[in-house]
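Scroll down for the structure; my scribbles are underneath it.
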Amino acid sequence: MFYYVYVLKSGADGQLYTGYTQDLRKRLLEHEKGLVCSTANRLPVELIYYEACPTQSDATRREKYLKSAWGKRYIKARLRDYLTG
C-alpha cells in the first residue's frame with residue numbers, strides 16, 4: 001500500500017494546497033465536493049502534482065517539505081511551464 005502526497009491548485013484564487021492520503025481518488029472527490037474545510041471555499045480545485053510514498057512517515061515528511069518555502073520553490077520550478085501558462 002502507498003501513501004500519496006498531492007498538490008491542488010485552486011481555481012478561485014490560484015493558491016496551492018498540499019496534503020497526503022492513502023486513497024488519492026477518494027480524497028480528490030472529497031475536495032471536489034467541498035467536504036474538506038481547507039479547500040471548500042477555494043473551489044474548483046485541480047490536481048497538479050502527486051507522488052507515491054511507501055510509508056506514512058515518508059508521506060508526512062514529504063508533505064511537510066512541500067509546504068515549506070523550499071518545497072514551494074521545488075513545485076513551482078518543477079511545474080514552471082504549466083503554472084506560467
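A compact table of results
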read-out: Which numbered condition Ser68 misses (of (1) touching a His at 6+ places or on another chain (Cβ under 9 Å); (2) without any contact (Cβ under 8 Å) to a residue 12 or more places away in the chain); value: (1)
read-out: Output for segment 1-17, where each listed residue is over 18 Å from Arg61 (Cα atoms), assigned to a loop (DSSP other than H, G, I, E, B) and touching a residue at least 12 places away in the same chain (Cβ under 8 Å); value: Gly11, Ala12, Asp13, Gln15
read-out: Counted residues, segment 26-60 - those being of a type in the set (Asp, Glu) and either in contact (Cβ under 8 Å) with a residue 24 or more places away in the chain or in contact with a Cys (Cβ under 6 Å, 6 or more places away or on another chain) (or both); value: 3
read-out: Single condition Trp70 does not satisfy, out of (1) over 18 Å from Tyr4 (Cα atoms); (2) touching a strand residue (DSSP E or B) at 6+ places or on another chain (Cβ under 7 Å); (3) of a type in the set (Phe, Trp, Tyr); value: (2)
read-out: From Glu32, Glu46, Glu63, residue being exposed (fewer than 14 other Cβ atoms within 10 Å of the Cβ) and modelled with pLDDT of 95 or more; value: Glu46
read-out: Tally of residues being within 19 Å of Ile75 (Cα to Cα) and of a type in the set (Gly, Ala, Ser) across segment 1-42; value: 4
read-out: Hits in segment 1-11 - residues which are touching a helix residue (DSSP H, G or I) at 6+ places or on another chain (Cβ under 7 Å) and more than 15 Å from Val36 (Cα to Cα); value: Tyr3, Tyr4, Val5
read-out: Subset of segment 1-23 (residues that are closer than 11 Å to Ala52 by Cβ and at pLDDT below 95); value: Met1
read-out: The one condition in (1) part of a strand (DSSP E or B); (2) exposed (fewer than 12 other Cβ atoms within 10 Å of the Cβ) that Tyr20 fails to fulfil; value: (2)
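The values are calculated or read from the model by the stated rules, or taken from the named source; none is laboratory data. These numbers come from a predicted model, not from an experiment. Neighbour counts run over all protein chains shown; Cβ positions are idealised from the backbone, glycine included.
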